[in-house]
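Let me begin by presenting the structure, written as structure tokens, before commenting on it.
The values are calculated or read from the model by the stated rules, or taken from the named source; none is laboratory data. Remember, it's a predicted structure, so these values are computed and weren't measured experimentally. Note that we place each Cβ from the backbone using ideal geometry, even for glycine, and neighbour counts take in every protein chain shown. Quick note on the areas: whole protein, heavy atoms, side chains included, nothing else; ligands and nucleic acids left out. Shrake-Rupley method; radii C 1.70, N 1.55, O 1.52, S 1.80 Å.
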Amino acid sequence: MRAFTYERASSVEAAAKAAASNSQARFIAGGTNLLDLMKLEIETPTHLIDINGLGVDKIEGTQEGGVRIGALVRNTDLAAHETIRRDYGLLSRALLAGASGQLRNKATTAGNLLQRTRCPYFYDTNQPCNKRQQGSGCSAIGGFTRQHAVVGTSDACIATHPSDMAVAMRALDAVVETVKADGSRRSVPIEDFHRLPGDTPHIETVLEAGEVVTAVTLPPPVGGKQIYRKVRDRASYAFALVSVGAVIQSDGTGQVAVGGIAHKPWRIATAEAELPRGAKSTADALLADARPTEQNRFKIDLVRRTLGAVLTEARG
Amino acid sequence: MQFDKPATTNPIDRLKVVGQPVHRIDGQLKATGRAKYAYEWHDPNVPYVYGYPVGAAIAKGHIVSMDVSAAKEAPGVLAVVTALDVGERKKGKFNTAKLFGGSEIQHYHQAVAVVVAETFEQARAAAALVRVEYAEEIGAFDLKDAMKTAIKPKDVGGAPPDTAVGDFDGAFKAAPVSFDATYTTPDQSHSMMEPHASIAVWDGEALTIWTSAQMIDWWRSDLATTLDVEKEKIHLMSPFIGGGFGGKLFLRADAVLAAFGAKAARRPVKVALPRPFMVNNTTHRPATIQRVRIAAEHTGKITAIGHESWSGDLPGGQLETAAMQTRLLYAGENRMTAMRLATLDLAEGNAMRAPGEAPGMMALEIAMDEMAEKLDIDPVEFRIINDTQVDPEKPERPFSHRDLVSCLRLGAERFGWSDRGRPASRREGNWLIGLGVAAAFRNNLLVPSAARVRLDHEGVITVETDMTDIGTGSYTIIAQTAAEMMGVPIEKVVVRLGDSRFPVSAGSGGQFGANCSTTGVYAACVKLREAIAQKLGFNSEDATFENGEVRSGNRSVPLAEAAGSEGLAGEDTVEWAKLADSHQQSTFGAHFVEVGVDIATGESRIRRMLAVCAAGRILNPITARSQVVGAMTMGVGSALSEELAVDVGRGFFVNHDLAGYEVPVHADIPHQEVIFMDETDPYSSPMKAKGIAELGLCGVSAAIANAIYNATGVRVREYPITLDKLIGGLPDVT
């Protein structure tokens, strides 16, 4: 970890301004990912802006009948919140499938969306990584790729987004609310929030310099059966090989996002239209452009099978 | 003491303390955080500073140049010592790869520098500033390729690499039923909780070192060799150890780097290896490729059994003795075993819990299950049919005590084995349910062990031996042994371990620690009893030690009084004569497992486990059970998730942390039951005990593999049995 300076931001606007004026600054909230990355010098900020005191830590109703989740709401609190458990069960289940109790106590809503990949080559600073060091090359391609992405990949990067929560947010049509350095506000549909790797895998979201996430909003509850199925090699404390977050209505229509297979939570409108026709046609449409490696080809079959199990459970 | 004939009745047989379920005498220290582990020794008056290692960024080649100027100028830095600075060093007897020194790089993360700074954070940050230019060379990293050029070593730990009895090929061809399959086991990491860590303090030419070592004397000797100092100048201590599993048998880089760092900085230095170093810097269990062939009559009687194994290691290294148990476990007139060693440039392969037998049983015991199915004989019965009471390669050598059959029968009864159905025949909801069995087998090893026992004027018995307690319960069973021998309550015994000033013990390894170290204590107690009897004018043969007194005829004297103000002491070493030549000593067991496999995703989860163990006298059922339960847990990881992933292009283990290398978590482990057969083995020692800690691992993974087959009808021969290897054979669920 390199030495850094530290400040506590007094307001969202001040935080955004301070961050925009210093390209070496990073925000810190729960720190469950950033601190590890700093210890390994994968992230080397020279200045940290602590946003924990900004008060954006409430869960409240929106005028539209949805819910607004403050950026600093801890994962534990979000998963346990009555409204979330009642109306957005998928989100609560996804949160509880991730990390550990200790980590969820610290981890925040915005931080969870912004967590970085767990690609082991990203974590080993001896190895080239386009995400860690732009243009240095990708050592995962041709290496150990069992956990890696099968769809939406590029020749520069095949990393996955590791979040469980984000998969649920994607299926639930969340919108990310931000404040920019100039004080202006914008709302970014989660669909557009995370980027695919392309030639610039080091740029993971559409956030601009200094832009602060203040909240994530969810539209009014859509009902249905809400299922989060996470598939992994051990029963707890492991990242998903594949996860399926789904809201399935009684007529067989629904919303479905898949984790563990791409650089962002994976949801395709044309695939979703296939839901009433079953898991096979839905999965085929979800993974139509898949480019798996020898080691992760099983994820194609696994998505289909997991989706099948989810749809069976939804009918049951 | 020479142990040269089977034990007869002795004071241990009273079983007032030995064999009793005594809670760990160090348990309170550990539960309250007062047991100091290697990195935690902290004297506020000592100005400790911190060393952080730099590991090689390539797998094979040479250092061309190193630039440490930025590191040296970084805040807080006191010294930077490089491999080039210390130059070529003599290598410890037990190390295959060098730990530190010289320009050659033999494997990824081999130590190339240590940076010493006032704080840990400063040392770590400065370590990242060390620049190294390498000349890379092409290495061999893929066992499947390297096995083609594998060699036959002269011997494997004193045994021949090959054995042959009768006419294996002829019998295999002639048999009415035969089976031939190849299995693979992956590289595995010890992944114990406590990383390797050392504190080094120099006083002139004398070095004091606190570390985490399973074998005090091996470490001390090899450290002396590596540093080129006299062994007598090194005082090494390792009183508490947070797990080892074989990863701390041999001197590691933390001790060497701490010593060099402390010398250069002229300050006491602490070095802990970062978690990734545990994988690529230290040792691991090497991967194996194993071919097993079995032929039998329709009755199930094995007529031919063959086991071949290939593994790799660095030049000068050793093979994984995975075919060893097949020389002893089952009958069969025609037999062959062969083990081959390939050259690989990965980190050093070496002992991990039950080296040889653990991966060997993973293959052999699936093969036995497959053969039983081919014969249409229950796998429990198939094993019983082929039991042998003599070494099948040397029938003139009986087993000292072998009760595998009872383990299998009792286990089958207790586990409800008769409920097992045909493959893929039982389903509960989304779960396919299956039962599996495997035999457990591990040899009982005997190594010399010494101890010193003192009696003081308060009647307190103090035991000193350099034996280690790696979480196994050594403190407790040694206290029980001394209490039993001296006829005092366990509260009157003080045990001091893990210090190079104490007599050299067996140490912790090869499941020999408990039996051998307690026998060393037994021998020392015999000496102390003699000294007490002699002082009192008793005939030591007639003296009875009981209730804190020594009694002979009508006379009894409290031990405290007998000790007098000076106290009395006894010291001895147990040496093992040739009993093991005439009688094969091994431990036996049976593992039963019930698994559920998710019909959609292929996720395998354990539902129940039972181990039945026949391992001589159980010195303490609590600590022994803890060993077996821990071993069963390790077997779950080994079966289902643990695999060091080799990047065969770049030459290193990629998943080098506990997020990527998945050991079981609590949620993976269901109810576990352990049954110990009530037995003694007078050939093993006066304690009549044998090893237990590794037996508990041998066979577990195969029992799980067999249960998965029974659940799904899908046979996987490549460990770990992850869902990607199953889903292709599971029913369509879409």
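Values computed for the structure shown
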quantity	calculated
Scan of the range B:655-675 for residues that are in a strand (DSSP E or B) and either at positive phi or within 20 Å of the chain's Cα centre (by Cα) (or both), ordered by number	B:Val674
Those residues of the range B:55-90 which are open to solvent by 20 Å² or more (accessible area, probe 1.4 Å) and within 30 Å of B:Val648 (Cβ to Cβ), in sequence order	B:Ala57, B:Lys60, B:His62, B:Val64, B:Ser65, B:Met66, B:Leu84, B:Glu88
Which listed residue, of B:Gly635, B:Gly660, B:Gly649, is free of Cβ contacts under 8 Å to residues at least 40 places away in the same chain and either open to solvent by 10 Å² or more (accessible area, probe 1.4 Å) or more than 9 Å from every other protein chain (Cβ to nearest Cβ) (or both)	B:Gly660
Boolean, B:Arg608 is more than 12 Å from chain A (Cβ to nearest Cβ) and over 30 Å from B:Phe399 (Cα atoms)	yes
Hits in the range B:407-421 (condition: surrounded by fewer than 17 Cβ atoms within 10 Å (Cβ to Cβ) and in contact (Cβ under 8 Å) with a residue 60 or more places away in the chain)	B:Arg414, B:Gly421
Within the range A:237-257, tally of residues that are open to solvent by less than 40 Å² (accessible area, probe 1.4 Å) and over 25 Å from A:Ala273 (Cβ atoms)	2
Count - residues of the range B:14-28 that are open to solvent by less than 60 Å² (accessible area, probe 1.4 Å) and on the phi < 0 side of the Ramachandran plot	5
Residue list for the range B:717-731, filter: touching a helix residue (DSSP H, G or I) at 6+ places or on another chain (Cβ under 8 Å) and either closer than 21 Å to B:Ala645 by Cβ or more than 8 Å from every other protein chain (Cβ to nearest Cβ) (or both)	B:Arg717, B:Glu718, B:Tyr719, B:Pro720, B:Ile721, B:Thr722, B:Leu723, B:Asp724, B:Leu726, B:Ile727, B:Gly728, B:Gly729
Selection from the range A:71-125 of residues that are assigned to a helix (DSSP H, G or I), within 14 Å of chain B (Cβ to nearest Cβ) and small (Gly, Ala, Ser)	A:Gly101
Options B:Thr288, B:Thr282; residue that is at pLDDT 95 or above, of a type outside the set (A, V, I, L, M), in contact with a Lys or Arg (Cβ under 6 Å, 6 or more places away or on another chain) and buried (at least 24 other Cβ atoms within 10 Å of the Cβ)	B:Thr282
Some residue of the range B:395-404 being among the charged types (D, E, K, R) and in a strand (DSSP E or B)	no
Given (1) in a helix (DSSP H, G or I); (2) within 14 Å of another protein chain (Cβ to nearest Cβ), index of the condition B:Val714 fails	(1)
Output for the range A:278-293, where each listed residue is open to solvent by 60 Å² or more (accessible area, probe 1.4 Å) and within 11 Å of another protein chain (Cβ to nearest Cβ)	A:Lys280, A:Asp284
Verdict on B:Glu549 being more than 14 Å from chain A (Cβ to nearest Cβ) and over 28 Å from B:Ser701 (Cβ atoms)	yes
Pairs where the first residue, in the range A:216-239, is within 14 Å of chain B (Cβ to nearest Cβ) and among the aliphatic types (A, V, I, L, M) and the second is open to solvent by 40 Å² or more (accessible area, probe 1.4 Å) and part of a strand (DSSP E or B), C-beta under 9 Å, 6+ apart	A:Ala235/B:Arg605
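Every residue, every condition in (1) at pLDDT 95 or above; (2) part of a loop (DSSP other than H, G, I, E, B); (3) over 20 Å from the mean Cα position of the chain (by Cα), yes or no:
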position	(1), (2), (3)
B:Ser556	yes, no, yes
B:Ala560	yes, no, yes
B:Ser565	yes, yes, yes
B:Gly570	yes, no, yes
B:Ala580	no, no, yes
B:Arg607	yes, no, yes
B:Ala611	yes, no, no
B:Leu619	yes, yes, no
B:Ile622	yes, no, no
